[in-house]
Each structure stands twice: as structure tokens, then as C-alpha cells.
Amino acid sequence: GVDPGSIAEVLALLKSIRDRGVTLVVIEHNLEALTGIADRLIAMTLGKKLADGAPKDVMADDRLGRPYLGGDDAAA
């Protein structure tokens, strides 16, 4: 996790590295922050893959909020 005051700077650095053709694996809870630089997002909960694909598709996945908001299927 990156503190909110530094996130823009860190994302700019990651983008510059990515733009040089380097593949990055970033573990970050703030998926929205990564949507601007990621070609692919994988959202996980409890060690299991919840969603995988293009950032816009992962962020639109209805299952994404369940593990964080609770509910009967939070562990699904």
C-alpha cells in the first residue's frame, strides 16, 4: 500500500518503467489507482482469484465489492 499523498508519483514511476517494455507485477489494494497503467488486473480474495482481465472489465465485475462489503457469498 502506498500513502495517498505519494500515489501519483509512484504511479508515474511505474508507468515510465512499463513504457520501457518491462513487465511489472504490482500488489496493491487500491485497484482504481492501477487502472491507468495496468493492461491486466487480477483481483483476489482469501487467496483465490475473483476477477481477471482488462482493468475496465475487472472494475465492472459485480463480485468485486462482495468480499469487502460482506454478505453471504463474501468468501465466494
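Bear in mind that the values in this text are calculations on the coordinates, not laboratory data. Since this is a predicted model, take the numbers as computed values, not measurements.
Taking a straight line from the alpha carbon of Lys49, these aspartates and glutamates sit under 13 Å away, with near neighbours fewer than eight places off in the same chain left out: Asp61. The slack in the chain from Glu9 to Ile27, taken as 0.36 nm per residue of separation less the alpha-carbon distance, amounts to 4.8 nm.
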